[in-house]
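K.L.:
Before I ask anything, here is the structure I am working with.
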Amino acid sequence: MKKVELIDVSKSYDKQVDVISNIDVTIEPGEFFVLVGPSGCGKSTMLRMIAGLEEITGGIIEIGGKRANHLSPDKRDLSMVFQNYALYPHLTVQQNITFGLDVKKVKKAVQAERANEVAEMLGLSDFLKRKPRELSGGQRQRVALARAIVSEAPICLMDEPLSNLDAKLRAHMRTEIRRIQRKLGITMIYVTHDQVEAMTMGDRIMILHEGKIQQVGKPIDIYNYPANPFVATFIGSPPMNISPARAVPTKSGIFIEDTIHVPMNEEQVAASSARSLLAGIRPEHIKPIVTGTESGNRIQVEVTNVEILGNETVFSFQVGQREWMAKWSGQWDIAIGDQVPILLGSEYFCVFDEETGELIRKPEGLEHLSIAKEVII
Amino acid sequence: MTTVRAPGVWKRSANLRVGFLYLLPSIILFAVFLFYPMIRTIYLSFFLTDQNGNAAVNVGFENYSYLLTSPAFLNSMKATGLFVLYTVPVGIILALFFALLANEKLKGIGFFRTMYSSTMGISVAASSVIWLFLFHPSVGVFNRILLVLDLPQIQWLLDPEWALISIAISTIWMNTGFSFLILLGGLQNIDEHLYESSRIDGAGYFYRLRRITIPMLSPTLFFIITISLINAFQTFGQIDILTKGGPSQSTNLIVYSIYREAFINYQFGTASAQAVILFVIILVVTLLQFKLLERKVHYQ
Ligand SMILES: Nc1ncnc2c1ncn2[C@@H]1O[C@H](COP(=O)(O)OP(=O)(O)OP(=O)(O)O)[C@@H](O)[C@H]1O
Ligand SMILES: [Mg+2]
């Protein structure tokens, strides 16, 4: 268990453009820390800087409370799973797994024992004698995982370790990695661009975009209170619906396309006056109008696309220039071209400043269910 | 009811015939420039010939039995064997060393890469002339250096003890460029991530060299060893220019001996027999190499 601390870290490959800038974050001992962001935002670069494979061009990295800017990779006490696995093609799976142990002059018998243990855990026992080229992509990925786990380093870095697995195996490996991490108390820094992985695995997640931190926090807080429109649309599937909005001083609130009213309190109105704004609502907060629905924005929309995903129905419609989506649970008989009356609960809206991206109005009334309150035994 | 008849020979061989058609151009070229001369050489090795190289008297295996008892030919074989031992291991280790150096990511490494591979661009004749000057007993650089260091002078190309070594030195220099380039190419093909992963594990330079670089480079090394061996057996140009086989036959390597036998003594029969023996030796060495070494080679 070790702490990893990045203080105002930046990185530039060509001494001109920073691909990573002003990263300030502390990863606590034993924490499962997930780094997410779109392709090319600098996730691998950041991981490689922590591993010591890439020079840091600005700032300080501290590992276990000690300054590590110029520490060589092997002195940092960590293991790493590379994005492209980096398996040794000329060695067998077993030799690949024990490579690091062999470097550290661990006894041969102990090496074999630990390799078998990890192989068992990851379902690789049948492949120990094979060469990497005789394995499928997913099996290779598991060998890469095994190599990191077997080293029992206090810090583990993983660069998209599950990207090549099928959905079922991926779900299984998610819980498996999480279990191993908890059991060994490893500090995990985990890179992914899959938001489901980020939401389900991370104690905390950090969202990176163009080399800058967008938001750091608990998955659920990030989902509920995205710090800016980028985070709002990046996390959540389908993404949050966002449209430009206009403040109307007299009506104490703002209007989207002159039809959808979002009420705001005085403070919020003051913060938003004379600025261009963006308002957003999550697809699951757009509800069908049935008898007894509470008040809010009731509008009629024309459906442009429908997807039924077994237990939920997602359909799109046009709001001004933007296409919005709504997600209803259950299977709904909706066809393209239908006129559907919908309810946009005004309390659920997020409002952002368009220029700074700052969140001006947090959504309210998010239902938080708890077993103690809801279930009657 | 319809009976299914097996397709005729003509139908079944359709693939074969098409394949043969594709091979035809190479077969013709090989036949004219390779198979015919080879068969002709084997044929001539059983004959005594006239001045023009036409077969005159069939002597059976007499050319061979003569050669295998001739002290001159045995000396040639020994010189060739020594020459191969002098040049191949040293040449390859040197080229590997330079390639490892030039594979480091340093500023201006391109300059060194060009320098190390530059000998590839110089013809054997031109570089031999350069070495002729370097080896010159009185004005050559080597003897000047020895003089400055107060060491005894060496008659590089004139002393039978030193002549073969001198030729070996110049040959190593000439061949390093090619081996270097091939090995550097092989090194650059190794995935950088493998080294990064091993660095995280804490592997030192020589551990990485032993467990990653050499195994990953083994196909390239195998290739370059084969080529170097064959090249060493066939050395000719630098001998012709530097020593002409002398002094006292000490650098009379087989190919040079074949040349003298055929075009100076006009003994095409024995020359052909020597060529056949050389062919067999190279064949055996290469086969042995495949048998012994290839098992250790890791192909991707
Ligand atoms: N060696 C390099 N030299 C120059 N630029 C680089 C180098 N490596 C990465 N970059 C640039 O740095 C940026 C971040 O790259 P990085 O590999 O960290 O992205 P990533 O977030 O891991 O993306 P992905 O999800 O596709 O793996 C990219 O714009 C990339 O072009
Ligand atoms: Mg990456």
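Each value in this text was obtained by applying a stated rule to the coordinates, not by laboratory testing. Predicted, not measured: the structure shown is a model, and the values here were computed from it. Every residue, glycine among them, receives a Cβ derived from its backbone with ideal geometry; neighbour counts consider all protein chains shown.
K.L.:
Net charge within 11 Å of A:Q318 by Cβ-Cβ distance, Lys/Arg positive one each and Asp/Glu negative one each, not counting A:Q318 itself?
P.N.:
Spelling it out: positives minus negatives among the neighbours equals -2.
K.L.:
From the Cα gyration tensor of the range A:1-86, with a ≥ b ≥ c the square roots of its eigenvalues, which class applies: rounded if a/c is under 1.5, or else prolate if a/b is larger than b/c, or else oblate?
P.N.:
Judged from the Cα gyration tensor, the range A:1-86 comes out rounded (a/c under 1.5).
K.L.:
Moving to a separate point now. In degrees between 0 and 90, to the nearest 10, how far off the longest principal axis of chain A does helix A:108-121 point, with axes built from Cα atoms?
P.N.:
20 degrees
K.L.:
Rounded if a/c is under 1.5, else prolate if a/b beats b/c, else oblate: with a ≥ b ≥ c from the C-alpha gyration tensor eigenvalues square-rooted, which is the range B:28-98?
P.N.:
Verdict is oblate for the range B:28-98.
K.L.:
Which helices of chain B meet both criteria: a Cα extent of 30 Å or more along the helical axis and a mean Kyte-Doolittle score no lower than 0.0, with helices taken as whole DSSP H segments?
P.N.:
Values: long enough: B:71-102 (45 Å, 1.73); B:160-188 (42 Å, 1.16); B:268-293 (36 Å, 2.05).
Helices meeting the span and hydropathy rule in chain B are B:71-102, B:160-188, B:268-293.
K.L.:
Related question: Taking trypsin sites (Lys or Arg not before Pro) as exposed when DSSP calls them loop (any state but H, G, I, E, B) and at most 10 other Cβ atoms lie within 10 Å, what is the longest stretch of chain B free of them, the sites themselves excluded?
P.N.:
Longest site-free region, per DSSP loop and neighbour criteria: B:108-300.
K.L.:
Once you average over the residues of B:163-173, how many Cβ atoms of partner chains fall within 10 Å of each Cβ?
P.N.:
That works out to 0 on average.
K.L.:
Let me ask something additional. If I model a spin label as a point 7 Å beyond the Cα along the Cα-Cβ vector, how far apart are those points for B:A6 and B:Q188 in nm?
P.N.:
Once both label points are built, they end up 5.5 nm from each other.
K.L.:
Stretch A:K108-A:S125 to full length: gain in nm at 0.36 nm per residue minus the Cα-Cα span?
P.N.:
Stretched out fully, the A:K108 to A:S125 stretch lengthens by 4.3 nm.
K.L.:
Label-point separation (nm) for B:L283 and B:S13, each offset 7 Å from Cα along Cα-to-Cβ?
P.N.:
With each label placed 7 Å out from Cα toward Cβ, I get 2.8 nm.
K.L.:
Please give the helix A:93-103 orientation as an angle from the longest Cα principal axis of chain A, in degrees from 0 to 90, rounded to the nearest 10.
P.N.:
It is inclined by approximately 70 degrees.
K.L.:
Quick check: net charge around A:T92, other residues with Cβ under 9 Å of its Cβ, Lys/Arg +1 and Asp/Glu -1?
P.N.:
Net of charged neighbours comes to +3.
K.L.:
Shifting gears a bit: Counting partner chain Cβ atoms within 10 Å of every residue's Cβ in B:199-208, what's the average?
P.N.:
6
K.L.:
Ranked by Cβ crowding within 10 angstrom, fewest neighbours first, how are B:F206, B:F263 ordered?
P.N.:
Values: B:F206 9, B:F263 12.
Arranged by neighbour count, lowest to highest, B:F206, B:F263 become B:F206, B:F263.
K.L.:
What nm distance separates the two modelled labels at A:Q318 and B:A31, each placed 7 Å from Cα along Cα→Cβ?
P.N.:
7.5 nm
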